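Taken together, the values in this text are just the output of simple stated rules run on the coordinates, not laboratory data. In this text, all values refer to a predicted model and were calculated from it rather than measured experimentally. Using ideal geometry, Cβ is built from the backbone for each residue, glycine included, and neighbour counts are taken over all protein chains shown.
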Amino acid sequence: MVRNREKEESESRLIPPVSISVADSTSISLIKVISTLIIFVLGIVIGLVSSFHLRKYFSFEGDQFSFKSIYFETEQFSSRDNEMMLVNGERDDCLSMDRFLRQGNLIHQMTDKELFWRASLVPQKKEFPFRRAPRVAFMFLTRGPLPMLPLWERFFSGQDVEKYSIYVHALPGFELQVSNSSVFYRRQIPSQHVQWGSVSLVDAEKRLLANALLDFSNERFVLISESCIPIYNFSTIYSYLMGSDHSFVESYDDPSRYGRGRYSRWMKPDIRLAEWRKGSQWFEIRRNLAVRVVADSKYYLLFKKYCKPSCYPDEHYIPTYLRKFYGALNANRTITYVDWSQMGPHPATFVAANITVGFIHSLRNNVTQCSYNSRNTSLCHLFARKFDPSSLEPLLNLTSQVLGF
């Protein structure tokens, strides 16, 4: 019996350790199961996230490839990381200096706002990193055909093409019909409708200036009408303009109802009556002032808002603006002769019967003297208007004899 009790006591001492071992084993199993589940869930989450980013990446790459396939031909992409593009069937370096300095094709899609901003950019370095021959930009403002075009063709014939450029602003839809050998070939700029006596004339002038400013070689800018002719040869006109220290914009105070009478008091205080000026629409201006005119918005908007009706902004905007800020840089006279002796709303028109040798000399000598670089000179007008189409043939007969071209 003693042995039995000892055996029972011994067995009773062994029971608790066995129970604790089973419990611990169960807990460990649960922890393993939970850990496995956590790792499994984390694996799924990581896999989903990775899969999403991979799909997004390859989708983006596919879109990029699709974009290139739609908008560009395969051969347009060269080994230079797409720096070279095809233009008119030829490779063109978009970042070349020549592309930046000169606008080979005058047709573009810029709005006036974009164009004026682009044209008003001024380099801060005075030295040019290229050979620059200063040019005269001849800017033709016309409603349609240029009846004096054969005369102008003869005027430019044989001249150094590095010394001049041509820009034509006509009514939208009109296309100048000339041969591809003409100096006027593809010289039309994007235009808009122009109405006589309205601010749209100023818009056209600024549009011509802005397009011409895109060529950094253009230094002098002449506004010319379809009825205008040169009364000297090219070399005389070029030397005269390039040698001048001033621009040629007529600007004077007219106390009559045709001058001060057009002023609006709503322009004060930015433009006062004493600052109001009048002048011929047909101007010549140098590059630094052309940039200022194109860049101006403040004073242009005043004219657009208050210079109407019967105010004729084209006769007042540039004369007033230059007189207010840059009077010392202006010769304060026009170089285009116009006959206002008839005292009407339009100047006299010259027809075939007017064209003689003596008549050409009278155009040149209609003013006894004027100021040129602060000195007196008898050479005051370089151009003249208003010529009827009938005058073309007799003018062509006098070019070599009198006009010198």
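Summary of computed values
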item	result
Least to most buried among Met343, Met148, Met267, Met110 (fewest other Cβ within 10 Å first)	Met343, Met110, Met267, Met148
Extended-chain gain in nm, criterion 0.36 nm per residue less alpha-carbon gap, Ser239 and Val122	39.6 nm
Cα-projected label distance for Asn366 with Glu162, points at 7 Å along beta-carbon direction, nm	3.6 nm
For Arg277, residues with placed amide H under 5 Å, excluding near neighbours	Thr320
Segment 265-337 shape via C-alpha gyration tensor axes, a/c threshold 1.5	prolate
Relative frequency of Cα-Cα separations exceeding 28 Å in segment 117-338, percent	29 percent
Value in Å of the Kirkwood radius, where segment 310-355 supplies the Cα pairs that are averaged	13.3 Å
Relative contact order computed over segment 117-338 (Cα-Cα under 8 Å; 6+ residues apart), in percent	25 percent
Kirkwood Rh in Å, taken over segment 328-389 so that all alpha-carbon pairs contribute	13.1 Å
Hull shadow area, averaged, segment 167-251 [alpha-carbon convex hull, nm²]	7.3 nm²
Order of Ser191, Ser390, Ser179 under a 10 Å beta carbon neighbour criterion, fewest first	Ser179, Ser390, Ser191
Surface/4 estimate of mean projected area, convex hull on alpha-carbon atoms of segment 215-345, nm²	9.1 nm²
Span per principal axis, largest first, for the Cα atoms of segment 286-394 (Å)	47, 38, 24
Exceeding the 30 Å Cα-Cα cut-off - candidates Lys163/Lys386; Lys125/Lys305; Lys126/Lys386; Lys163/Lys298; Lys113/Lys308	Lys125/Lys305; Lys126/Lys386; Lys163/Lys298
Sorted by Cβ density within 10 Å, fewest first, the residues Thr399, Thr111	Thr111, Thr399
Karplus (6.51, -1.76, 1.60) ³J(HN,Hα), θ = phi - 60°, over segment 207-219, in Hz, Gly and Pro reported as x	5, 5, 4, 5, 5, 5, 5, 5, 8, 5, 7, 6, 10
